[in-house]
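Beneath this line is the structure, given in structure tokens, with notes to follow.
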Amino acid sequence: MKPPIPEITDELEIGEQVYQVTMVEIVHGIIKKYGSNPTRLMDILIDIQSEFRYIPPLVLAEISKELNISNIDIEQTISFYHFFSTTPTGKYTVYLNNSAVAYMMGREEVAQTFEREVGCKFGEVSADGMIGLFSTSCIGMSDQEPAALINGKLFTRLTPFRVKEIVRDLKALKHIDEIIVEGLGDGANALPEVHSMVQNNIRKKGPILADGYKAGEALKKIVKMKPDDVIAEVKASNIRGRGGAGFPTGMKWEICRNSPGDEKYIFCNADEGEPGTFKDRVILTEYPKMLMEGMALAGYAVGAKEGILYVRHEYGYLQKHLEKVIEGGRKKNYLGKNICGREDFDFDIRIQFGAGSYVCGEESALIESAEGKRGEPRDRPPFPVESGYLGKPTIVNNVETLCSIVKVIVHGAQWYRSMGTKESSGTKVVSISGDCKYPGVYEIEWGFSVNDVLEMIGASDVQAVQVGGPSGTLIAPNEFNRTLSYTDLSTGGSIIIFGKHRDLLKDVVLNFTNFFIDESCGSCSTCRNIPIHLRTKLEKILNARGVDKDIQEMLEWAKILKASRCGLGQTAANPIVSSIKNFRPLYDQKIQHGKDFDSSFDMLKAVQESCDAVSRVPHVH
Amino acid sequence: MSTNGSVIRCSIDGKEYLAKAGKYINDVARENGVYIPTLCNVIGIHPQGACRICTITVNGRMMTACTTPVAEGMDIKTNTSELQDLRKSIVELMYVEGNHFCPACEKSGNCELQALAYRFQMMVSRFPYTFPKRKIDARNPKLVKNYNRCILCKRCIRAIKDEQGRSYFAFRKRGHKVEVGIDVDLGKFISDEVAQKAMDICPVGALIKKEQAFRIPIGKRKYDKTPIGADVESHHV
Ligand SMILES: Cc1cc2nc3c(=O)[nH]c(=O)nc-3n(C[C@H](O)[C@H](O)[C@H](O)COP(=O)(O)O)c2cc1C
Ligand code: SF4
Ligand code: FES
């Protein structure tokens with residue numbers, strides 16, 4: 001279906017007067033808003049997409065002309081991101097999460113109900129152009145699945161009954177806010193500028209999530225310190241990055257401070273795309289001031305004047321909330337010029353939204369994306385601390401890392417090191433979901449064992465625990481005495497529990513493998529291809545056609561992925577490799593033993609089946 | 001850390017070399033007669049490690065030789081049996097990812113993928129053939145873009161821009177769906193020289209200049225008699 005290209009697209013109300021505005025005028029307005037700057041292409045496209053609910057191919061020529069870049073470069077960015085579309089996606093666009101946890105919590109029935117009620121399949125728009133149904137990777141709501149984004153608003157804990165009501169309301173053209181009838185979530189979720197039914201589910205507080213945070217306390221302290229002393233304090237706390245890779249934060253700051261450059265940048269990584277992780281969402285909702293204070297601290301320490309908070313598209317419902325906090329910070333002089341009265345201390349923050357891509361959480365891809373390009377990780381070296389955003393020295397830190405540092409500054413490195421273990425100091429905010437009584441966010445000291453965690457969250461009859469999301473490890477009960485720490489089970493924060501009744505290979509390993517296939521940027525020959533071949537093998541085994549050699553080959557082929565450029569490709573075989581290692585019997589049950597190749601093909605049966613399908617009588621000898 | 005330009009000492013496959021800091025490992029190796037297979041790299045153009053064929057180890061860690069600058073004390077291994085098999089498996093991956101029917105290809109004999117397959121003595125891919133359905137785009141007045149043969153090395157994307165720095169070529173989509181597209185509007189004005197440059201820079205036969213064929217006859221082509229890499233290796237003894 002080719003969409004009609006609407007000439008007059010909008011009615012602009014100014015006072016009593018209604019003006020009709022053409023599409024081209026709207027697009028020009030948007031481009032101007034971003035100073036016709038090609039490095040702001042993401043923002044331009046995001047605004048166009050939200051204005052028209054798709055990016056009409058017609059406007060490409062306009063953007064190309066105004067930014068002086070070729071069409072194909074714009075297409076390159078558009079076609080990379082999941083939430084950009086060059087065909088209409090409906091007046092209402094439903095994005096239903098397809099993560100493993102969503103399926104565990106009943107996604108299948110919810111999806112079927114959507115299809116039945118709307119009258120089209122996922123990946124399509126209803127014939128009247130009203131409602132579009134699409135699947136999407138984990139949207140950061142694993143503690144309240146099944147969940148969907150509808151026109152940017154979150155609908156969590158969906159049931160078939162609720163889906164019927166929602167579709168009825170959509171068909172009645174209700175405003176999206178009116179359709180949220182469950183009541184609003186707790187804490188800041190209920191603020192008018194958020195107006196969301198999302199729940200925080202904070203179940204255990206530690207120093208970061210503790211009540212009684214006083215905004216500005218850390219800033220007032222550091223403006224009396226030398227930047228080098230701030231870095232020394234961070235180093236002394238031994239804190240390491242909370243985003244997954246675990247790089248020592250103090251060292252990162254020091255390298256960046258020492259890198260030559262007239263301008264430097266601080267990025268906060270709030271892309272949180274690892275399936276099963278949602279703790280950064282809770283921090284963004286409840287502790288945004290702390291986070292921004294952390295960014296300003298980093299700016300002071302390394303000598304950066306600009307901070308960029310990169311937030312995943314899925315958390316767009318927090319935009320007004322975050323903007324208000326930034327505005328408030330400026331009023332209080334915690335952001336802006338001469339912060340806390342210190343003359344040479346200027347720092348401000350802008351928010352950069354993503355548009356649906358897990359790999360953009362990788363720090364150099366994050367920077368590429370913020371420069372308006374496809375989120376393709378860069379070759380390293382050089383590292384962002386030497387050459388990052390716009391080629392300048394740049395720090396990328398996770399949301400939680402920056403918050404932790406505020407506490408380090410307020411209470412001191414010594415205090416911070418008194419928590420956790422010797423090598424892993426402090427606390428970790430973890431996101432727990434799956435088969436347990438109390439899914440949600442927990443702040444625990446490093447050094448908790450998996451058994452402690454299971455007891456804490458009310459999980460019994462556990463078959464397996466995924467620590468660190470799909471790129472982490474799938475462990476079996478015989479390893480539940482292992483501990484969460486950088487030296488044992490390292491995690492960016494996601495812990496998923498699978499009960500005894502789950503089909504691990506099909507519901508978990510296959511789902512995770514599909515996730516990596518969907519999210520690869522596609523630049524490396526290895527990452528683009530190997531996971532596809534691994535999936536084919538895994539499906540062969542699931543269909544009882546596998547032999548011993550298939551398992552051996554999967555392990556061999558997985559090694560090739562280690563030559564990929566970034567962490568995505570390097571870990572894309574982890575679900576398969578760690579399940580072969582820790583759950584070998586599940587594979588052994590399914591394969592044909594003692595055979596070199598699949599010999600289960602039955603000619604007579606196959607002929608019978610194909611004849612049945614076309615109502616013919618088989619003629620075989 | 002050594003500053004660019006200063007002289008550093010590193011070891012390649014057990015032999016010590018002096019080199020200018022900041023130079024790519026691949027360039028240092030070549031200058032010293034050590035051939036590291038490359039595919040997406042073009043000397044003189046900003047590298048972007050896409051094919052991963054030049055993977056080596058530096059102090060035991062896998063890195064790409066085309067993108068990593070040498071630094072003091074590096075212990076570089078280019079030729080272990082694991083690395084050789086890795087490279088061969090990448091060539092095999094590329095053969096099954098697209099449709100490479102060498103006998104029918106204009107680039108045969110000048111094709112770097114084919115030459116590497118010969119060098120690695122590839123008989124058949126260890127991966128299952130997928131025979132994907134791919135298109136051939138002949139809309140451009142000067143070039144035919146054959147998606148069956150494209151190995152997504154990004155050479156054309158990186159090397160060929162118009163006078164204003166705008167791209168003729170770029171990626172579309174992501175993951176296993178990525179493809180290199182030609183800008184339809186800008187592409188209309190592509191000159192003969194640029195079209196020829198595009199064809200020459202493509203390591204395979206994915207970009208073919210129109211209205212000419214087999215300018216160099218089979219038998220007289222680059223890799224017909226000497227294997228790829230032989231020029232580097234004969235350079236030194
Ligand atoms: C594929 C991939 C996805 C990532 N996603 C995130 C993410 O969503 N959030 C995050 O903080 N770090 C993520 N990282 C890690 C970042 O590259 C980087 O290490 C981190 O943001 C640094 O901050 P930290 O030192 O404070 O942890 C990801 C890495 C990879 C390879
Ligand atoms: S490993 Fe995968 S995601 Fe990372 S750069 Fe390579 S292709 Fe892209
Ligand atoms: S030649 Fe180095 S990655 Fe392709």
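Tabulated data for the structure shown
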| quantity | calculated |
| --- | --- |
| Selection within segment B:170-195 - in a helix (DSSP H, G or I), surrounded by 15 or more Cβ atoms within 10 Å (Cβ to Cβ) and more than 7 Å from chain A (Cβ to nearest Cβ) | B:G187, B:V194, B:A195 |
| Test result for B:E92, more than 16 Å from ligand 1 (Cβ to nearest atom), free of Cβ contacts under 8 Å to residues at least 12 places away in the same chain, over 19 Å from B:A230 (Cβ atoms) and not in a loop (DSSP other than H, G, I, E, B) | no |
| Condition met for A:M42 (outside the structural domain of A:R350 (by TED's automatic domain parsing), within 29 Å of A:S369 (Cα to Cα), surrounded by 19 or more Cβ atoms within 10 Å (Cβ to Cβ) and modelled with pLDDT under 95) | no |
| Among the candidates B:M74, B:M63, residue that is touching a residue at least 12 places away in the same chain (Cβ under 8 Å), among the aliphatic types (A, V, I, L, M) and more than 27 Å from B:I151 (Cβ to Cβ) | B:M74 |
| Residue selected from segment B:143-169 under the condition surrounded by fewer than 20 Cβ atoms within 10 Å (Cβ to Cβ) and over 17 Å from the mean Cα position of the chain (by Cα), by the criterion nearest to the other protein chains (Cβ to nearest Cβ) | B:R166 |
| Any chance B:I228 is outside the structural domain of B:N140 (by TED's automatic domain parsing) and in contact (Cβ under 8 Å) with a residue 60 or more places away in the chain | yes |
| Residue satisfying all of: in segment A:514-565; among the acidic types (D, E) and in contact (Cβ under 8 Å) with a residue 40 or more places away in the chain; nearest to ligand 1 (Cβ to nearest atom) among these | A:E519 |
| Among (1) under 28 Å from A:L504 (Cβ atoms); (2) loosely packed, with under 11 Cβ neighbours inside 10 Å - the single one A:Q592 does not satisfy | (2) |
| Pair list, Cβ under 7 Å, 6 or more apart: segment B:155-184 residue under 16 Å from B:M199 (Cβ atoms) and more than 16 Å from ligand 1 (Cβ to nearest atom), other residue among the small types (G, A, S) and assigned to a helix (DSSP H, G or I) | B:C156/B:A198; B:I160/B:A198; B:Y168/B:G187 |
| Odd one out for B:Y129, checked against (1) at pLDDT 95 or above; (2) in a loop (DSSP other than H, G, I, E, B); (3) away from ligand 1 (no atom under 16 Å from the Cβ) | (1) |
| Members of segment B:61-88 that are under 16 Å from the mean Cα position of the chain (by Cα) and away from ligand 2 (no atom under 16 Å from the Cβ) | B:A65, B:R87, B:K88 |
| Some residue of segment B:35-57 being away from chain A (no Cβ under 13 Å), over 24 Å from B:K154 (Cα atoms), crowded, with 23+ Cβ neighbours inside 10 Å and within 16 Å of ligand 3 (Cβ to nearest atom) | no |
| Candidates A:I576, A:I530, filtered to the one that is of a type in the set (A, V, I, L, M, F, W, C), within 14 Å of chain B (Cβ to nearest Cβ) and buried (at least 21 other Cβ atoms within 10 Å of the Cβ) | A:I530 |
| Set B:V28, B:V58, B:V34, B:V91: member being over 19 Å from the mean Cα position of the chain (by Cα), modelled with pLDDT of 95 or more and not small (G, A, S) | B:V58 |
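The values are calculated or read from the model by the stated rules, or taken from the named source; none is laboratory data. Bear in mind the structure is a predicted one, so any value in this text is a computation, not a measurement. Neighbour counts are summed over all protein chains in view; Cβ atoms, including those assigned to glycine, are modelled from backbone coordinates with ideal geometry.
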